[in-house]
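Undergrad: Please read through the structure below; I'll follow up with questions.
The values are calculated or read from the model by the stated rules, or taken from the named source; none is laboratory data. All of these numbers come straight from a predicted model, not from anything done at the bench. FYI the Cβ positions are ideal-geometry reconstructions off the backbone, even for glycines, and counts take in every protein chain you see. Note: accessible area is taken over every heavy atom of the protein model, side chains too, but ligands, DNA and RNA are not part of it. Shrake-Rupley method; radii C 1.70, N 1.55, O 1.52, S 1.80 Å.
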Amino acid sequence: MITVIGLGFVGLTTALGFCSKGFTVYGFDIDQKKINQLRKGKIPFHEPHLKETLKSNLNRKFFLTRDLKQALKNSSAVFYCVGTPEAPNGDANLQYLLAAIQETLKKIPQNDFKVLVIKSTIPPLTTQNQIKPFIERSGLIIGKTIGLANNPEFLREGRAWEDFVHPDRIVIGCSDPQSENLLKNLYQPFKAPIFKVSFNTAEYIKYLSNTFLATLISFANEMSLIAHSIGDIDIEEAFKIFHRDKRWSGEPANMSSYVYPGCGFGGMCLPKDLKCFYIQTKKWGCYSGLLKEVLEVNSKIKQFVVKKVMEVADKKETIGIFGLAFKPNTDDVRESPAKDIMKLLWDQGYRNIVAHDPIAIPNFKKSYRFRAQYHLSVKEAIKKSDVILILTAWNQIREQKGLLQNKKVLDFRYCLKNS
Ligand code: NAD
């Protein structure tokens, strides 16, 4: 049996993923509203396949409980999937993770060896220097009376299910053989290579991945800015030709969507992880100017978007924002480019704003209080807009070429030409 603590994108996918491999999973979250929704078979965010999987496993293999003691009773492993958001100084905020661990430790009986598995993203040195001593202060001995492991998650929102059940690699950072064996057995049905590494290495691999992806996006955006300055460059064509390089294609090395310009990276992970890792580099005495630049390009690209709008639209015109989610096929609006761009437009005096997104409008309205006319219908939104800004490459907008013909269109995702 397994316990999953924190039932957001990662936790719910983890819980249901293990159910799909035959394990019984207890899920716990402090957000009672979320638990109630899940009990009714509703997923509080958009993620393909989870609803059906929840329905088929709920109260069979997957049990939701408010009682942490019950959730832990027969488990051999406890997966922590709580948020580690950005702290005011840019560091990873460990408050939720440490609170969840503390609550768990109070409820685990003596002489009941369980592995505590950190799935939340935390920077290198955190398990070693903070979590391990935190657990040991309660009298437990890591490797003897309790196990500890770091098991970073690489799933992508929008493809979370596919990524979790067909992982390309499993990384297990741990120091004791008992935890290692237990986790290897749990992951064995996923038929992916398992890499046992140190705590620091496991933590580092996650940031290696996210800083790299963010760097690729900023690289492509920086290059698009240069191309705009040079002029007479077909950016869409140039990048599509660039992608013909064999090194970009083929499974599973399909990285081309990262090396493609847009209006900045967003979402839950890349902005905060990049900032966090960058800040750590100062502490580690290896300050990374490259990562600083990657972050700066992410702001610069949004200022560029607004500058382009100002060149073609006067303040009385209606600006249509197409795409509120940070990427297509998700309703996640955290750190979405639309948020910053709408604010910058407002600061410049644009008051007539229309916004469309096929699924992210409710989340956007809940998270940010922008005065805009929100339209679920893409056609309606196009009709109401004088200038169209494409901020997310949703198919819904790409399919409206006819309607867009007589509008001023700024395609900041470079997605219309070859669609
Ligand atoms: P999320 O905000 O969607 O979910 C976190 C959940 O934890 C929430 O439901 C919250 O109520 C719950 N929670 C907070 N404190 C708790 C406590 N003390 N006890 C029980 N539940 C508690 O976050 P997420 O997107 O699932 O991300 C979780 C972690 O995984 C983060 O560290 C993130 O960086 C990392 N991660 C995220 C992704 C992604 O694509 N979202 C991918 C890989 C890794």
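Undergrad: Shape of the stretch 2-207 from its Cα gyration tensor (a ≥ b ≥ c, root eigenvalues): rounded if a/c is under 1.5, otherwise prolate when a/b > b/c, or oblate?
TA: Numbers: a/c = 1.35, a/b = 1.27, b/c = 1.06.
Rounded shape, in that the Cα axes give a/c under 1.5.
Undergrad: Here's another thing I want to ask about it. Per residue, how much accessible area does the chain show when a 1.4 Å probe rolls over the protein heavy atoms, in square angstrom?
TA: On the way: 19550 Å² over 419 residues.
Spelled out: the 1.4 Å probe surface of the chain, per residue, equals 47 Å².
Undergrad: Then there's this: 5 Å is the cut-off here: which amide hydrogens, built 1.01 Å from N in the peptide plane, fall below it relative to VAL4, excluding neighbours closer than 5 in sequence?
TA: So VAL4 has HN proximity to TYR26, GLY27, PHE28, PHE79.
Undergrad: Which trypsin sites (Lys or Arg not before Pro) in the stretch 80-168 pass both tests, a DSSP loop state and at most 13 other beta-carbon atoms within 10 Å?
TA: For trypsin sites (Lys or Arg not before Pro) across the stretch 80-168 that sit outside H, G, I, E and B with at most 13 neighbouring Cβ atoms in 10 Å, the list reads ARG137, LYS144.
Undergrad: Something else about it: To the nearest 10 square angstrom, how much accessible area does TYR204 have with a 1.4 angstrom probe?
TA: 100 Å²
Undergrad: Leaving ligands, DNA and RNA out of it, report the carbon-plus-sulfur percent of the accessible area of the chain at a 1.4 Å probe.
TA: Details: 10110 of 19550 Å².
Of the solvent-accessible surface of the chain, carbon and sulfur hold 52 percent.
Undergrad: If you don't mind, there's one more thing I want to ask. Please get the size of the charge dipole for the stretch 144-263, origin at its Cα centre, with Cβ charges of +1 on Lys and Arg and -1 on Asp and Glu, quoted in debye to the nearest 20.
TA: Charge dipole of the stretch 144-263: 560 debye, to the nearest 20.
Undergrad: I would also like to ask the following. Return the calculated 222 nm mean residue ellipticity for the chain, to the nearest 500 deg cm²/dmol, obtained by summing -39500 (n - 2.57) across DSSP H runs with n ≥ 4 and dividing by the residue count. Each step should come with its number before you reach the end.
TA: Working: 17 runs with 179 residues, N = 419.
Mean residue ellipticity at 222 nm (helix-derived): -13000 deg cm²/dmol.
Undergrad: Checking the a/c ratio against 1.5 first, then a/b against b/c, what shape does the Cα gyration tensor give for the stretch 295-411?
TA: Values: a/c = 1.33, a/b = 1.03, b/c = 1.30.
In terms of gyration-tensor shape, rounded.
Undergrad: Additional query: Considering Cα pairs under 8 angstrom that are at least six residues apart, work out the relative contact order of the stretch 1-74 and quote it in whole percent. Intermediate results must be reported in sequence, preceding the final value.
TA: On the way: 103 pairs, mean separation 27.4, N = 74.
Contact order relative to length: 37 percent.
Undergrad: Excluding THR127 itself, calculate the net charge of residues whose Cβ lies under 14 Å from the Cβ of THR127, where each Lys or Arg counts +1 and each Asp or Glu counts -1.
TA: Working: positive: LYS119, LYS132, LYS206; negative: GLU136, ASP176, GLU203.
Taking every Cβ under 14 Å from that of THR127, the sum is 0.
Undergrad: Could you compute the FRET efficiency for PHE242 and ILE30, with r as their C-beta to C-beta distance and R0 at 45 Å, rounded to 0.05? The partial results should precede the final answer.
TA: Values: r = 46 Å, r/R0 = 1.03.
Using R0 = 45 Å, I get an efficiency of 0.45.
Undergrad: A further question follows. Among the listed pairs LYS119/LYS401; LYS21/LYS114; LYS316/LYS365, give every one whose C-alpha distance is greater than 32 Å. Could you put the intermediate results ahead of the total?
TA: Working: LYS119/LYS401 43 Å; LYS21/LYS114 20 Å; LYS316/LYS365 23 Å.
Cα-Cα > 32 Å for LYS119/LYS401; rest within.
Undergrad: If you wrap a convex hull around the Cα atoms of the chain, how much volume per residue is inside, in Å³? If you can, show how the numbers build up before the last one.
TA: Numbers: hull volume 62.2 nm³, N = 419.
Cα-based convex hull of the chain, divided per residue, equals 148 Å³.
Undergrad: Here's a follow-up. Accessible surface of GLU222 in the full protein assembly, 1.4 angstrom probe, to the nearest 10 Å²?
TA: Accessible area of GLU222: about 60 Å².
Undergrad: Whenever you get a sec, line up TRP248, TRP394, TRP284 from highest to lowest accessible area (probe 1.4 Å, protein heavy atoms).
TA: TRP284, TRP248, TRP394
Undergrad: Sort the stretch 152-240 into rounded, prolate or oblate with this rule: let a ≥ b ≥ c be the square roots of the eigenvalues of the Cα gyration tensor; rounded if a/c is under 1.5, and if a/c is not under 1.5, prolate when a/b is larger than b/c, oblate otherwise. Can you show the working numbers first?
TA: Working: a/c = 5.04, a/b = 2.52, b/c = 2.00.
Note, shape of the stretch 152-240 comes out prolate.
Undergrad: A follow-up question, please. Please check which bits of the stretch 106-129 a label hung off GLU136 would reach, taking the label as a point 7 Å along Cα-to-C-beta and the cut-off as backbone N under 11 Å.
TA: Inside the label zone: 128-129.
Undergrad: Quick one: ranking PHE134, PHE212, PHE18 by accessible area, 1.4 Å probe, largest first, what do you get?
TA: Working: PHE134 45, PHE212 100, PHE18 0 Å².
Highest to lowest solvent-accessible surface, that is PHE212, PHE134, PHE18.
Undergrad: Between the stretch 109-172 and the stretch 356-419, what's the alpha-carbon centroid distance in Å?
TA: Computed from Cα coordinates, the inter-centre distance equals 40 Å.
Undergrad: Also: Tell me the relative contact order for the stretch 277-419 as a rounded percent, counting alpha carbon contacts under 8 Å between residues six or more apart.
TA: Working: 219 pairs, mean separation 34.3, N = 143.
Reported as a whole number, the value is 24 percent.
Undergrad: Can you give the relative contact order of the chain as a percent, counting alpha carbon pairs under 8 Å and 6+ residues apart?
TA: On the way: 750 pairs, mean separation 48.8, N = 419.
So the answer I get is 12 percent.
Undergrad: Taking the 0 to 90 degree range and rounding to the nearest ten, how far is the long axis of helix 9-20 tilted relative to the main principal axis of the chain, both from C-alpha atoms?
TA: Rounded to the nearest ten degrees, it is 60.
Undergrad: Taking only Cα atoms, what is the 0 to 90° angle, nearest 10, from helix 337-347's long axis to the longest principal axis of the chain?
TA: That works out to roughly 50 degrees.
Undergrad: Could you give me the ³J(HN,Hα) list for the stretch 271-281, computed from phi with Karplus coefficients 6.51, -1.76, 1.60 and θ = phi - 60°, whole Hz, x at Gly and Pro?
TA: Whole-Hz 3J(HN,Hα) from phi for the stretch 271-281: x, 6, 5, 5, 4, 4, 5, 4, 5, 5, 4.
Undergrad: If you don't mind, another one. Determine ³J(HN,Hα), in whole Hz, for all residues of the stretch 176-188 in sequence, where each value follows from phi through the Karplus function 6.51 cos²θ - 1.76 cosθ + 1.60 and θ = phi - 60°; x replaces Gly and Pro.
TA: So the J values, rounded to whole Hz, are 10, x, 5, 5, 4, 5, 4, 5, 4, 5, 5, 8, 3.
Undergrad: Give me the accessible area of SER209, 1.4 Å probe, in Å² rounded to the nearest 10.
TA: 30 Å²
Undergrad: So which trypsin sites (Lys or Arg not before Pro) in the stretch 295-365 are both in a DSSP loop and have at most 11 other Cβ atoms within 10 Å of their Cβ? It would help to have the intermediate numbers written out before the result.
TA: Numbers: sites: LYS300, LYS302, LYS307, LYS308, LYS315, LYS316, ARG334, LYS339, LYS343, ARG351, LYS365; in loops: LYS315, LYS316, ARG334, ARG351.
Passing sites in the stretch 295-365 are LYS316.
Undergrad: Express as a percent, rounded to the nearest 5, the fraction of DSSP beta bridges in the chain (both residues included) that run antiparallel.
TA: Restricted to the chain, the bridges split so that about 5 percent are antiparallel.
Undergrad: Given LYS40/LYS73; LYS283/LYS308; LYS191/LYS339; LYS42/LYS246; LYS51/LYS292, which pairs have Cα atoms separated by over 32 Å? Mind dumping the intermediate values first?
TA: Values: LYS40/LYS73 24 Å; LYS283/LYS308 38 Å; LYS191/LYS339 40 Å; LYS42/LYS246 42 Å; LYS51/LYS292 39 Å.
Violating the 32 Å Cα-Cα cut-off are LYS283/LYS308; LYS191/LYS339; LYS42/LYS246; LYS51/LYS292.
Undergrad: Here's a follow-up. Just in the stretch 174-255: which trypsin sites (Lys or Arg not before Pro) are loop by DSSP and have at most 13 other Cβ atoms within 10 Å?
TA: Details: sites: LYS184, LYS191, LYS196, LYS206, LYS240, ARG244, LYS246, ARG247; in loops: LYS191, ARG244.
Qualifying residues, ordered by number: LYS191, ARG244.
Undergrad: Moving on to the next point. Reachable aspartates and glutamates from LYS327, Cα under 12 Å, same-chain residues fewer than 8 places away excluded?
TA: Leaving aside aspartates and glutamates fewer than 8 places away in the same chain, those within reach of LYS327 are GLU157, GLU335, ASP357.
Undergrad: OK, next. Using alpha carbons only, how many degrees (0 to 90, rounded to 10) separate the axis of helix 95-107 from the longest principal axis of the chain?
TA: 20 degrees
Undergrad: Continuing with this model, one more query. Quote the charge dipole size of the stretch 309-397 about the Cα centre in Debye, to the nearest 20; the model charges only the Cβ of Lys and Arg (+1) and of Asp and Glu (-1). Could you put the intermediate results ahead of the total?
TA: Working: 14 positive and 11 negative charges, 68 e Å.
So the magnitude is around 320 debye.
Undergrad: Right, another one. Would you be so kind as to identify which of HIS243, TRP346, GLN280 lies farthest towards the positive end of the dipole of the chain, taking Lys and Arg as +1 and Asp and Glu as -1 on Cβ and the Cα centre as origin?
TA: TRP346
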